[in-house]
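Undergrad: I have a structure I would like to understand better, so I am pasting it below and will then ask my questions one at a time.
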Amino acid sequence: MTQERTPERTSISRIIGASLVGTTIEWYDFFLYGSAAALVFNKLFFPNSDPLTGTLLAFGTYAAGFGARPLGGLVFGHFGDKVGRKRLLVLSLLLMGGATCAMGLLPTYASVGIAAPILLTTLRLVQGFALGGEWGGAVLIVSEHGSPQRRGFWASWPQAGAPGGNLLATGVLAILAAVQSDQAFLDWGWRIPFLLSGVLVMIGLWIRLSVTESPVFLEAAAQARRSSAVVRAPIARVLRDNWREVLISMGARMGENTTYYVITAFILVYLTGPVGLPKSVGLNAVLIGSIVHFATIPLWGALSDRWGRRPVIIMGALGSGAWAFAFFGLLDTASPLVITLATTVGLVLHGAMYGPQAAFFSELFGTQVRYSGASIGYQLASVVAGGLAPLIATALLKGYGTAAPVALYVAAGAALTVIATAVSRETRATGLGSVPEQPHQAV
């Protein structure tokens, strides 16, 4: 029997390592854009607007990337359910890295006028499309290799790629901010992190190619060939038979996604604007918070193996909704130490929603439609929650002159997560190979 047929013998730590490295690099690329949108893109690509309006326009292109994510989830999910998880993971990494490198070479508005923001938006759409396909494959290839008893822990490691990528992106920007003048960073320094993506992608590609295909997928594909029961359009079957699970996935993401992007992206707007602090304070706070976030996500995943997915996610949503009201008051102190503490606590609470999410979504769907189902629920919520969060938060701040409406906005998203998770069934210890292809009734 070939190694392709026995992927379960591959070390789970090797599977996790390859998945984590790849997701960290892809999230580095994606988050780098968010930080740049808050710091430089408003000046370089939308210079004819006042600062806050320019930031709104920059975050508009930021949101465009989220708009492309469901399309990526649809396309990658379809082929991931048809031909396997591994091939699509390699393709997503190449697309993301190529688009990010190209951003580092873009001419600015001063050089080519309106063509500059158009090119920037186009490349952002490619980023969103690639990331839309990345998440589903990365978490499924780990979930489908791991045992049901520890799936929450194993599958949470690709989730840690989000703060890992944010940590990497913020760290690079923080270093450049420390060693360069603001003018040098604006002139050319901002390009360095984007061009660095090319090197990171080559490393990630080399590691990701070592991953074997999911044994659960191979077994399901073999059974389908023997019975001729091939799913020809996985996404159509998901929307017909598993629409409840798609809605639950979307609802479970609303508070998680809103919270994350307000803390990590909007914080830079708020601190450099109303609070009047240099960008380094916000970057350092997110940097330190991301380190703790990275370390605690697997702990929340492990707790979901003991307590269940639902209790951990609901606890995180309730905590995040309440913390939103304290968060901005702590930012207003203008104390770097207090700001760092506020950011770190917010990210730890977010991790309780995010850590169990990969296992939870994987366990909601059957093998032949799992990539499509998990991806579409996850990515549709990303458009409404994550993509619009910095834009809505900035608009609320501009319209009301206070952060109180932003806190209410975050709390509303958290309430949706509580409701969606509460009406779902508990999925802990579900055997992925045995999940029926028929819809599951919410209880």
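The values are calculated or read from the model by the stated rules, or taken from the named source; none is laboratory data. The structure displayed is predicted, hence computed values, not measured ones. A quick note on method: Cβ atoms are made from the backbone with ideal geometry, for glycine too, and the neighbour counts reach across all protein chains shown. Heads up: the accessible areas ignore ligands, DNA and RNA and are worked out on the full protein's heavy atoms, side chains in. Shrake-Rupley method; radii C 1.70, N 1.55, O 1.52, S 1.80 Å.
Undergrad: From the list A174, A155, A178, A160, exactly one residue is small (G, A, S), at pLDDT 85 or above and over 22 Å from R87 (Cβ atoms). Which is it? First the steps, then the outcome.
TA: On the way: A174 fails: at pLDDT 85 or above; A155 fails: over 22 Å from R87 (Cβ atoms); A178 fails: at pLDDT 85 or above.
One residue alone meets the criteria, A160.
Undergrad: Based on this model, can you work out whether L364 counts as part of a helix (DSSP H, G or I) and among the hydrophobic types (A, V, I, L, M, F, W, C)?
TA: no
Undergrad: Go over the candidates A326, A342, A322, A302 one by one and state the one that is among the hydrophobic types (A, V, I, L, M, F, W, C), surrounded by 20 or more Cβ atoms within 10 Å (Cβ to Cβ) and assigned to a helix (DSSP H, G or I). Before the answer, list the steps.
TA: Numbers: A326 fails: surrounded by 20 or more Cβ atoms within 10 Å (Cβ to Cβ); A322 fails: surrounded by 20 or more Cβ atoms within 10 Å (Cβ to Cβ); A302 fails: surrounded by 20 or more Cβ atoms within 10 Å (Cβ to Cβ).
One residue alone meets the criteria, A342.
Undergrad: Now for a separate question. Which ones in region 127-149 are in a loop (DSSP other than H, G, I, E, B) and of a type in the set (A, V, I, L, M, F, W, C)?
TA: The answer is none; no residue qualifies.
Undergrad: Which number in (1) at pLDDT below 85; (2) open to solvent by 50 Å² or more (accessible area, probe 1.4 Å); (3) β-branched (V, I, T) marks the one condition that I141 misses?
TA: (2)
Yes or no, residue by residue, for (1) assigned to a helix (DSSP H, G or I); (2) among the basic types (K, R); (3) over 30 Å from W206 (Cα atoms); (4) in contact (Cβ under 8 Å) with a residue 40 or more places away in the chain:
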residue	(1), (2), (3), (4)
F41	yes, no, yes, yes
A58	yes, no, yes, no
L91	yes, no, no, yes
P107	no, no, yes, no
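Undergrad: Checking the conditions here, which among M315, M353 is without any contact (Cβ under 8 Å) to a residue 60 or more places away in the chain, within 26 Å of R244 (Cβ to Cβ) and assigned to a helix (DSSP H, G or I)?
TA: M315
Undergrad: Which of the residues belonging to region 150-185 are free of Cβ contacts under 8 Å to residues at least 60 places away in the same chain, open to solvent by 50 Å² or more (accessible area, probe 1.4 Å) and assigned to a helix (DSSP H, G or I)?
TA: Across region 150-185, the qualifying residues are I175, V179, D182, Q183.
Undergrad: Within region 274-283, is there a residue that is open to solvent by less than 40 Å² (accessible area, probe 1.4 Å) and outside any helix (DSSP H, G or I)?
TA: Yes, because at least one residue in region 274-283 is open to solvent by less than 40 Å² (accessible area, probe 1.4 Å) and outside any helix (DSSP H, G or I).
Undergrad: Of (1) farther than 20 Å from T100 by Cα; (2) in a helix (DSSP H, G or I), M202 satisfies all except one. Which?
TA: Condition (1) is where M202 drops out.
Undergrad: In the set S210, S197, which member is part of a loop (DSSP other than H, G, I, E, B) and either touching a residue at least 40 places away in the same chain (Cβ under 8 Å) or under 29 Å from P234 (Cα atoms) (or both)? Please lay out each step first, then the result.
TA: On the way: S197 fails: part of a loop (DSSP other than H, G, I, E, B).
Within the list S210, S197, the selection yields S210.
Undergrad: Let me ask something additional. With the structure loaded, tell me whether S290 is modelled with pLDDT of 95 or more, under 25 Å from G355 (Cβ atoms), in a helix (DSSP H, G or I) and open to solvent by less than 20 Å² (accessible area, probe 1.4 Å) or whether it fails that test.
TA: No: the conditions fail for S290.
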